[in-house]
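Quick one: the structure is below, questions incoming.
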Amino acid sequence: MVKKYSFGKIFNTEAVVKKIAPEKGKMPFFRQQNNDTKDGILFIYGMEKEDKVYGLGEQVRGINKRGHLYINNCTDDPVHSEEKNSLYGAHNFILVDGRERFLVFFDTPEKVTFDIGYTDMDVITIETAIDVDCYIVTGNKLLDIVKEFRTIIGQSYIAPRWAFGYQQCRWSYMNEDEIREVVKGHRENNIPLDTVYMDIDYMESYKDFTINEKAFPKFEKFVEEMKKEHVRLIPIIDAGVKIEKGYDVYEEGVKNNYFCKDKDGKDFVGAVWPGKVHFPDFLNEEARKWFGKKYKFLLDKGIEGFWNDMNEPAIFYSDKGLQEAFDYVDSVRDTNVDINSFFTLKDKVLGIANSPADYKSFYHNTKEGKICHDKLHNLYGYNMTRAAGEAFDEMVPDKRILMFSRASYIGMHRNGGIWQGDNMAWWSHLLMTIKMLPSLNMCGFLYTGSDMGGFGANTTEDLVLRWTQFGVFTPLMRNHAALGTRKQEPYQFKNVEDFKNIIGIRYGLLSYIYSEYMKAALNNEMYAKPLAFVYEDDAHAKEVEDQLIIGDSIMIAPVYTQNTMGRYVYLPEEMMAVKMRSLTEYDCKVLPAGHHYVDVDLNEMIFFIRPNHLVPMTYGGESTEEVDFATLKVFGFVKKNTTYELYLDDGVSKDYGKKENYMEIKADKKGNLTVNNDKITVKESVILNK
Ligand code: GLC
């Protein structure tokens, strides 16, 4: 059941798609109180010791969010260490599981602070703006509550099936030849590959919707050439539009007042990669439509996917911020700088980027009038991606376009996925992404993944390999690294064969991963779940944070520690352990419920099949186009008659959910398999039925 409680009058974020009339009475669960001293409302909830608190989507720390202060305020911060409070997204919901069970979503474009047992271990205090719509969702099971929430926020974005293949990125593929090298590196080593990303260097002076013609002299031909290799090129689009006379995007934006304005009504100036830029006013419908149509420039050149970046928006500096810092430096330059003024000086300089003062200094021209950016901050990236998504629906209505963003708000999950931003080549970040995945799924971000191997800092072969083994299960499976870091494409390392095999396993699992993704998206369900949501009555399962249920049949337990060739795993029930070195080399055995130590060598990965579940696999391929999705090898652990519902469509059109896309694979308790559809054939099976 969903109930809405409105406080003040919020700017319509359009996060919720279902019309829900607000309740008159007092909001349940919270000891709500108005805060006299600040411009906001505090919502207070007393927790029992055993209460668990899930949610918050893209945030630091655990699946259970207790014990930290989270500030949902879209932030470009590349150091996602434990003490941080904000990342790129603002997903303002929590799901409390304990004495009472409910989900609450605070719908407001402004910053929301969640103190979840931070100030007082047993108290949740949420502080929002005075204008906020609260949605309380209740239900029996945790998964039912999530489903109900997802139903009111609308269906998740669906990527083309080729975007479930392996993807390679690096900031600094400078020209056609460097990209050809990347493709060659994969193809020569038989490492599957479906896309190569084009970071800012493909543009002319980092200007959106331009091509650096020196580096890419025959761009359209090059796109074609790559497609012949079964590789799609995915260009980046940044939020800031370079200020440059004669540049069409800039000229049109200025002429039509499509950019955000400063307090004097002039186009606001910030600086990002291109230097000085204006920021498109994505909160203005006309400007949003205009920007969306700009993607046509690349669609017309054969491009079928994009990633939207720097859309918190990131602001490296504004003239005003810079001037203030200079003034301070001047004011202390000839003084005997003491330790206090030294630190002030340091803070002033470091505080130039993404400064709250800058976010307070520009305005949007919205349907509801002129509004300061600060009041709408968390909607900016969402509306940039919405601009693209809505334009694709108009320009190529029957075709899926790959789209994911860095900044996001709930609602954007209908227009695109997200990647988890600029992480580091740290083992702790491998664990963080494992924990973040189900939290993102709760609020509809199903198409997601992290920069495998780590974006910042120099990585190591074993970290990339372990991360790739986890990445096998994330819908977005992309290796990405920052300019200047050690190269980390799989073929850069000594044991290339291991990467080939592990990525090969992804292509084998594609039929399962795609089928589970599609069912989750179409039914408003989770693709990746915490054990706590599937084994609600198992006290131990509730505490497991480093294993996940992927789809319905598989439990994963990734290795995320350096120099360990195995790990402890908790099995809430008897399961079939599948240890794979490649699609053709594997061992399977049944393990009883309970605690186990499983050996997982560096070149292996392990996953577990739940009892009376099947996992359809393909025979692989070096690109999704090469994969034969109709010929299957079925793995399963079967003790009674079991049915797997396989979802299969053409992977590119939008005619989702047609009846004929659903097929059944049935196993009897002896392990004999039948299919109800002549579109698919089961050629082999590996069924344990002990
Ligand atoms: C940002 C993005 C990163 C990209 C870089 C250069 O840091 O998050 O993925 O590589 O900008 O465009």
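The values are calculated or read from the model by the stated rules, or taken from the named source; none is laboratory data. Worth saying up front: this structure is predicted, and the values here are computed from it rather than measured. Using ideal geometry, Cβ is built from the backbone for each residue, glycine included, and neighbour counts are taken over all protein chains shown.
Does region 240-254 include one or more residues that are under 27 Å from TYR507 (Cβ atoms), touching a residue at least 60 places away in the same chain (Cβ under 8 Å) and under 22 Å from the mean Cα position of the chain (by Cα)? Give the derivation first.
Within region 240-254, the subset under 27 Å from TYR507 (Cβ atoms) is none.
Looking through region 240-254, none of the residues is under 27 Å from TYR507 (Cβ atoms), touching a residue at least 60 places away in the same chain (Cβ under 8 Å) and under 22 Å from the mean Cα position of the chain (by Cα).
Let me ask you something else. How many residues are aromatic (Phe, Trp, Tyr), over 19 Å from ARG506 (Cα atoms) and within 14 Å of the ligand (Cβ to nearest atom) when one looks only at region 419-441? Break it down stepwise before answering.
As a first pass, look at region 419-441 and keep what is aromatic (Phe, Trp, Tyr): 419, 426-427.
Then drop every residue that is not over 19 Å from ARG506 (Cα atoms), which leaves 426-427.
Within this subset, residues satisfying the condition of being within 14 Å of the ligand (Cβ to nearest atom) are none.
Qualifying residue count for the region: 0.
Same structure again: Checking the conditions here, which among ILE116, ILE20, ILE124, ILE71 is within 20 Å of GLU543 (Cβ to Cβ), out of contact with any His (no Cβ under 8 Å at 6 or more places or on another chain) and at pLDDT 95 or above?
After ruling out the rest, the residue left standing is ILE124.
Working only within region 359-377, note down all residues that are under 16 Å from GLU324 (Cβ atoms) and within 27 Å of the chain's Cα centre (by Cα).
TYR359
Inside region 507-551, can you point out the residues that are touching a Phe, Trp or Tyr at 6+ places or on another chain (Cβ under 8 Å) and acidic (Asp, Glu)?
Those that are touching a Phe, Trp or Tyr at 6+ places or on another chain (Cβ under 8 Å) and acidic (Asp, Glu): GLU516, ASP546.
Would you say THR618 is crowded, with 22+ Cβ neighbours inside 10 Å, touching a helix residue (DSSP H, G or I) at 6+ places or on another chain (Cβ under 6 Å) and among the hydroxyl-bearing types (Ser, Thr, Tyr)?
Values: crowded, with 22+ Cβ neighbours inside 10 Å: yes; touching a helix residue (DSSP H, G or I) at 6+ places or on another chain (Cβ under 6 Å): yes; among the hydroxyl-bearing types (Ser, Thr, Tyr): yes.
For THR618, the condition - crowded, with 22+ Cβ neighbours inside 10 Å, touching a helix residue (DSSP H, G or I) at 6+ places or on another chain (Cβ under 6 Å) and among the hydroxyl-bearing types (Ser, Thr, Tyr) - is met.
Continuing with the same structure: Please go through region 390-428 and give me each residue that is out of contact with any strand residue (DSSP E or B) (no Cβ under 9 Å at 6 or more places or on another chain) and assigned to a helix (DSSP H, G or I), ordered by number.
Passing the criteria: GLU390, ALA391, ASP393, GLU394, MET395, HIS413, ARG414, TRP427, SER428.
I'm trying to understand the selection: among the residues of region 352-366, which are among the charged types (D, E, K, R) and either at positive phi or not in a loop (DSSP other than H, G, I, E, B) (or both)? Don't jump to the end; show me each part of the working.
Looking only at region 352-366, we keep the residues that are among the charged types (D, E, K, R), and these are 358, 360.
Within region 352-366, just ASP358 meets the criteria.
Does region 546-560 hold any residues that are under 18 Å from TYR597 (Cβ atoms), outside any strand (DSSP E or B) and in contact (Cβ under 8 Å) with a residue 24 or more places away in the chain, and which are they?
Pass one, region 546-560, residues under 18 Å from TYR597 (Cβ atoms): 546-547, 555-560.
Within this subset, residues satisfying the condition of being outside any strand (DSSP E or B) are 546-547, 557-560.
Those that are under 18 Å from TYR597 (Cβ atoms), outside any strand (DSSP E or B) and in contact (Cβ under 8 Å) with a residue 24 or more places away in the chain: ASP546, ALA557, PRO558, VAL559, TYR560.
Could you go through region 442-456 and let me know if any residue there is within 13 Å of the ligand (Cβ to nearest atom), within 26 Å of GLY411 (Cα to Cα), of a type in the set (S, T, N, Q) and modelled with pLDDT of 95 or more.
Yes: one or more hits.
Could you say which residue among TYR647, TYR656, TYR619 is in contact with a Ser or Thr (Cβ under 8 Å, 6 or more places away or on another chain) and under 30 Å from VAL396 (Cβ atoms)?
Values: TYR656 fails: in contact with a Ser or Thr (Cβ under 8 Å, 6 or more places away or on another chain); TYR619 fails: under 30 Å from VAL396 (Cβ atoms).
Residue meeting the stated conditions: TYR647.
List pairs: first in region 171-192 and closer than 17 Å to VAL223 by Cβ, second away from the ligand (no atom under 16 Å from the Cβ) and modelled with pLDDT of 95 or more, Cβ under 6 Å, 6+ apart or cross-chain?
Correct list of pairs: GLU176/PHE216; GLU176/PHE222; VAL183/GLU229; VAL183/VAL231.
Kindly establish whether GLU622 is in contact with a His (Cβ under 9 Å, 6 or more places away or on another chain) and acidic (Asp, Glu). If you could, list the steps in order and put the result at the bottom.
Values: in contact with a His (Cβ under 9 Å, 6 or more places away or on another chain): yes; acidic (Asp, Glu): yes.
Answer is yes for this residue.
With a cut-off of at least 1 residues that are over 22 Å from LYS147 (Cβ atoms), name the strands (runs of 3 or more DSSP E) lying wholly within region 1-96. Before the answer, list the steps.
Numbers: elements: 2-7, 31-34, 40-46, 52-55, 68-72.
Qualifying strands (runs of 3 or more DSSP E): 2-7, 31-34, 40-46, 68-72.
Name the single residue that is surrounded by the most Cβ atoms within 10 Å (Cβ to Cβ) among those in region 523-552 being among the charged types (D, E, K, R) and under 24 Å from SER156 (Cα atoms). Outline the logic, then answer.
Step one: list which residues in region 523-552 are among the charged types (D, E, K, R), which gives 525, 529, 536-538, 542-543, 545-546, 552.
Checking which are under 24 Å from SER156 (Cα atoms) leaves us with 525, 529, 552.
Numbers: GLU525: 19, LYS529: 25, ASP552: 20.
It comes out as LYS529.
Also, I was wondering about something else. Can you confirm whether region 661-672 contains a residue that is touching a strand residue (DSSP E or B) at 6+ places or on another chain (Cβ under 7 Å) and modelled with pLDDT under 95?
So in region 661-672, the residues touching a strand residue (DSSP E or B) at 6+ places or on another chain (Cβ under 7 Å) come out as 661-667, 671.
Those still in the list that are modelled with pLDDT under 95 too: 671.
The answer is yes; a qualifying residue exists.
Yes or no, residue by residue, for (1) assigned to a loop (DSSP other than H, G, I, E, B); (2) closer than 22 Å to GLN469 by Cβ:
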| position | (1), (2) |
| --- | --- |
| ASP587 | no, yes |
| HIS595 | no, yes |
| PRO611 | yes, no |
| PRO616 | no, yes |
| GLY621 | yes, yes |
| GLU625 | no, no |
| LYS633 | no, yes |
| LYS640 | yes, no |
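Then there is this: Being over 16 Å from GLU545 (Cβ atoms) and surrounded by fewer than 20 Cβ atoms within 10 Å (Cβ to Cβ) is the filter here, so list the residues in region 52-72 that pass it.
LEU69, ILE71
I've got another one for you. Of all residues being of a type outside the set (D, E, K, R) and surrounded by fewer than 19 Cβ atoms within 10 Å (Cβ to Cβ) in region 458-481, which is farthest from the ligand (Cβ to nearest atom)? Just the residue, please.
Only one residue fits best here, namely THR460.
Still on this structure, please answer the following. Take the residues in region 157-184 that are among the small types (Gly, Ala, Ser) and closer than 19 Å to ILE505 by Cα, then tell me which one is farthest from the chain's Cα centre (by Cα). Working first, answer last.
We begin by selecting, within region 157-184, every residue among the small types (Gly, Ala, Ser); these are 159, 163, 165, 172.
If we keep only those that are closer than 19 Å to ILE505 by Cα as well, we get 163, 165.
On the way: ALA163: 13, GLY165: 16 Å.
Only one residue fits best here, namely GLY165.
Any idea which of (1) within 16 Å of the ligand (Cβ to nearest atom); (2) charged (D, E, K, R); (3) buried (at least 21 other Cβ atoms within 10 Å of the Cβ) is the one ASP77 doesn't satisfy?
Here ASP77 meets the rest and fails (3).
Suppose we filter region 498-533 for residues that are closer than 18 Å to ILE63 by Cβ and basic (Lys, Arg); how many remain? Break it down into steps so the answer makes sense when it comes.
Initially, region 498-533 is screened for residues closer than 18 Å to ILE63 by Cβ, giving 520, 525-533.
Now narrow it down to the ones that are basic (Lys, Arg): 529.
Result for region 498-533: 1.
Being surrounded by 14 or more Cβ atoms within 10 Å (Cβ to Cβ), within 16 Å of the ligand (Cβ to nearest atom), of a type outside the set (Asp, Glu) and within 30 Å of GLN167 (Cβ to Cβ): is that true of ASN354 here? Reasoning before the result, please.
Numbers: surrounded by 14 or more Cβ atoms within 10 Å (Cβ to Cβ): yes; within 16 Å of the ligand (Cβ to nearest atom): yes; of a type outside the set (Asp, Glu): yes; within 30 Å of GLN167 (Cβ to Cβ): yes.
Yes.
Of all residues in region 296-319, which are acidic (Asp, Glu) and away from the ligand (no atom under 15 Å from the Cβ)?
Applying the first criterion (acidic (Asp, Glu)) to region 296-319 yields 300, 304, 309, 312, 319.
Once the filter is applied, which keeps residues that are acidic (Asp, Glu) and away from the ligand (no atom under 15 Å from the Cβ), region 296-319 yields ASP300, GLU304, ASP319.
Let me ask something else. Could you please let me know if ALA163 is in a loop (DSSP other than H, G, I, E, B) and away from the ligand (no atom under 16 Å from the Cβ)? So that I can check it myself, show each step before the final result.
Numbers: in a loop (DSSP other than H, G, I, E, B): no; away from the ligand (no atom under 16 Å from the Cβ): yes.
It is false that ALA163 is in a loop (DSSP other than H, G, I, E, B) and away from the ligand (no atom under 16 Å from the Cβ).
Consider region 454-482. How many of its residues are closer than 20 Å to TYR512 by Cα and in a loop (DSSP other than H, G, I, E, B)?
So the count comes out to 5.
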